[in-house]
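See below for the structure under consideration.
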Amino acid sequence: MSINGITQTGMVSGYEQARSQKYQKKETPAFLQNIEEKETAPKKDYAAEAFERVGPNAPESVRKAWMEAAKEVGANGLGIKANGMMSHISQMMVQRLTNQMQGKANPDDVLGSSVQSAISAVTKAIYNLDNPLPGSVTSIEVQRYKLQERQFYQSFLQKLQYLD
């Protein structure tokens, strides 16, 4: 029973019911579709993207070693996390910037075009991690990421030395 547009508790007017169904029919599937798209969307391979940033001219064998090390350690040499966010400034990033400051033709080509040049870059990165600049202070979280970065470089180096 309705008095001046007010319905009794438990009763829904025909207009309200139609409006509710219309809302549910249009909004709910779109919402569910968005969730489903996110779940089924292919995951970006940030390790491969990181490799392309530092090894555009590296041989396929170096790329495979990089990808195996990234999978093994769960990290890559650029400090890019699984969600695509940067965790810290990695040694490979420092080498890219150093190349740029020195005016090299392709500053992003840190790994070079051979296994030996990749070994050299990784050895330099490990050395720089083990011998930080005096007075450099980092948080516990960044120290943890740097440890993981070093583990990646160690694994990558072992795989590269096997190729050489």
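The values are calculated or read from the model by the stated rules, or taken from the named source; none is laboratory data. None of the values given here were measured: they were computed from a predicted structure. Positions of Cβ are backbone-derived with ideal geometry, glycine not excepted, and every protein chain shown enters the neighbour counts. With ligands, DNA and RNA removed, areas are computed over all heavy atoms of the protein, side chains included. Shrake-Rupley method; radii C 1.70, N 1.55, O 1.52, S 1.80 Å.
Within region 125-147, being more than 23 Å from the chain's Cα centre (by Cα) and not β-branched (Val, Ile, Thr) holds for 127, 130, 131, 132, 133, 134, 135, 136.
Residues of region 118-130 that are surrounded by 12 or more Cβ atoms within 10 Å (Cβ to Cβ) and free of Cβ contacts under 8 Å to residues at least 24 places away in the same chain: 120 alone.
The number of residues in region 52-63 that are in contact (Cβ under 8 Å) with a residue 40 or more places away in the chain, surrounded by fewer than 23 Cβ atoms within 10 Å (Cβ to Cβ) and not in a loop (DSSP other than H, G, I, E, B) comes to 2.
Answer with yes or no whether residue 70 is among the small types (Gly, Ala, Ser) and either within 24 Å of residue 162 (Cα to Cα) or assigned to a strand (DSSP E or B) (or both).
Working: among the small types (Gly, Ala, Ser): yes; either within 24 Å of residue 162 (Cα to Cα) or assigned to a strand (DSSP E or B) (or both): yes.
Considered against the rule, which asks whether it is among the small types (Gly, Ala, Ser) and either within 24 Å of residue 162 (Cα to Cα) or assigned to a strand (DSSP E or B) (or both), residue 70 comes out as yes.
Among the residues of region 131-164, those that are touching a helix residue (DSSP H, G or I) at 6+ places or on another chain (Cβ under 9 Å), of a type outside the set (Asp, Glu), outside any loop (DSSP other than H, G, I, E, B) and open to solvent by less than 70 Å² (accessible area, probe 1.4 Å) comprise 146, 148, 152, 153, 154, 155, 156, 157, 159, 160.
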